[in-house]
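Just so it is clear, none of the values below were taken in a lab; they were calculated from the coordinates. Since the model is a prediction, treat every value here as computed from it, not as a measurement. Glycine gets a Cβ as well: all are built from the backbone with ideal geometry, and neighbour counts include every protein chain shown.
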Amino acid sequence: MILSDKRILEEMEKGTIKIVPYNREDLGSNSYDVHLGGNLATYDSAELDAKAHNTISHFEIPDEGFVLQPHAFYLGVTQEYTETHAHVPFLDGKSSTGRLGIDIHATAGKGDVGFCGNWTLEISVKQPVRVYKGMPIGQLIYFPVDGEIEVKYNQKGNAKYSGQPNKPVESMMWKNKF
């Protein structure tokens, strides 16, 4: 089951879903449109190491937009800060972005109950495409959870991405024990 627009509004009233900034025009019949924030980032090294802290460099998207290039990987961020305390949030691309050849996540479309923060986007493109801060980039849908949550994501001591800021965040795989 996916929450309908009315159920999303009810959950926002109860405080179990939070979206800031919120614009009623971005609420679809069963999703909420999120927008590209003003910052992108790229990794500083061409070769990444899963056991190392791979650093990134941030840059602002200028008013005239920025052309994303194929065979490059960008980290972006949503303008919206979200909190989800009783549902599983899922971020997916909009059909309009997909039809421009923009993928907004490689594997991390599902959030956890208790996720609080801006969403980091894992952006790649099929051909050069100009993007703009504030453009619709994806949509959030919410799934009810069957059963009680023992420990929400924002309550876990090892939650690497809780409280993500309004800038892209690099992989924290290096913090895992393997």
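Structure summary
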item	result
Per residue, the convex hull volume that the Cα atoms of the stretch 125-178 enclose (Å³)	196
Per-residue [θ]222 nm for the chain (sum of -39500 (n - 2.57) over DSSP H runs n ≥ 4, rounded to 500)	-2000 deg cm²/dmol
Largest-first ellipsoid semi-axes for the stretch 48-146, taking √(5λ) over the Cα gyration tensor eigenvalues, angstrom	24, 17, 13
Where N is the number of residues in the chain, Cα Rg divided by 2.2 N^0.38 Å	1.04
His105, His87 arranged by Cβ crowding within 10 Å, fewest neighbours leading	His105, His87
In nm, spacing of pseudo-spin labels at Val129 and His58 (7 Å Cα→C-beta vector)	2.5
Built amide H within the under 5 Å cut-off of Asn39, gap 5+	Ile61, Val77
Loop-resident sites, the stretch 137-178, for trypsin sites (Lys or Arg not before Pro), counting at most 15 other Cβ within 10 Å (DSSP)	Lys156, Lys160, Lys177
Charged-residue dipole, Cβ positions (Lys, Arg, Asp, Glu), the chain about Cα centre, Debye nearest 20	220
Order of Val88, Val145 - criterion: other Cβ atoms within 10 Å of each residue's Cβ, fewest first	Val145, Val88
Cα centroid of the stretch 1-53 to Cα centroid of the stretch 143-166, whole Å	15
Least to most buried among Leu100, Leu36 (fewest other Cβ within 10 Å first)	Leu100, Leu36
